[in-house]
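Report on the structure given below.
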Amino acid sequence: MNAPNDLHVRQWGTGTPVVFLHGLGASGRYWDEVRHLGNESYTGLAVDLLGFGQSPKPPTETYDIECHLAHIMPAVPDGAVFVGHSAGALLALALAVRFPERVLGLVLCSLPAFPDAPTARNEIARLGIVARLTVARGRRARVLCWIMCRLRLVGIAIAPIFARGVPAAVARDALRHTYTSYSRTLQHVIVDHRAASDLAARADPTLLVHGRDDEVVPVRYVETLASPRARVVVVDGDHYLPIRNPSACATAIRDVLVALDAHTESVLLSGLGQDLRPLRRHIVVGTVRLDEVTDPDERSERGPR
């Protein structure tokens, strides 16, 4: 498996790095509304996952947890807060368990906390014919995707018209994937992977934010994960919190950053500050100010580093 630093990443602001991982069929633009509420108080890095958005879409990749993490890791800095939505939440959690030294904090929005694969398939199948065919991994799903791929350019152009209530850029990017990247990520990351196991293995605090009207992942699945180390916050909204209730996501991020600052100050006051100074220097490198970029359409974007 090749893992070059090839993912497309949008970056803004200065301060502690906050890495954003989007969900299935989306892109880093899914976090635009959350970004605008951040007051540039951190360095935001919105990743287009492998197979989605502006990132490469190799047909031979497995698109499982290990594959996605192998591509994410070189694209983001050490010592970051990770914020994930849906499939991106599963990836952020898996990364935090496998590489805890790289994660300062963790916010999981709309986590697909299905207890087992059959439950995941049944819940996903309720979402419509496309979801039902894709999760069944049958020939009809491939045919449907082939047709959609042939009409991709037309679909991207008209997507904002039909996707009412969704930002135009998000609607267009929803079509920037392939059947392989979509179906394999759905199967390996959402259907086959269990969030509960990863959460149980995580020693540090985790904040889970979930919409009370989420029909994709009903809130009851996430509420069973609550523990002294995993705080579940139920907010107004459905599964699509970054665009339906971005303030809830922004508040969660702010809470984690404030807690990190308070913890750092406490350690410094206790006389152990010398140990944290290299970390503090490390987590603020690689920042870019928005006013240094002049093109309004591209000012927050950067390609492969």
Principal semi-axes in Å for segment 164-231 [√(5λ), Cα gyration tensor, largest first]: 28, 17, 11
Value of Rg to Rh for segment 216-258 (Rh from inverse mean 1/r over Cα pairs, i.e. Kirkwood): 0.98
Order by protection proxy (mean Cβ within 10 Å, highest first), peptides 212-219, 29-36, 12-19: 29-36, 12-19, 212-219
Directionally averaged shadow of segment 36-101, computed from the convex hull of its alpha-carbon atoms, nm²: 5.1 nm²
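Each reported figure results from applying straightforward, stated rules to the coordinates on display, with no laboratory input. Nothing here was measured: the structure is a model prediction, and the numbers come from that model. Backbone-built Cβ (ideal geometry, glycine too); neighbour counts: all protein chains shown.
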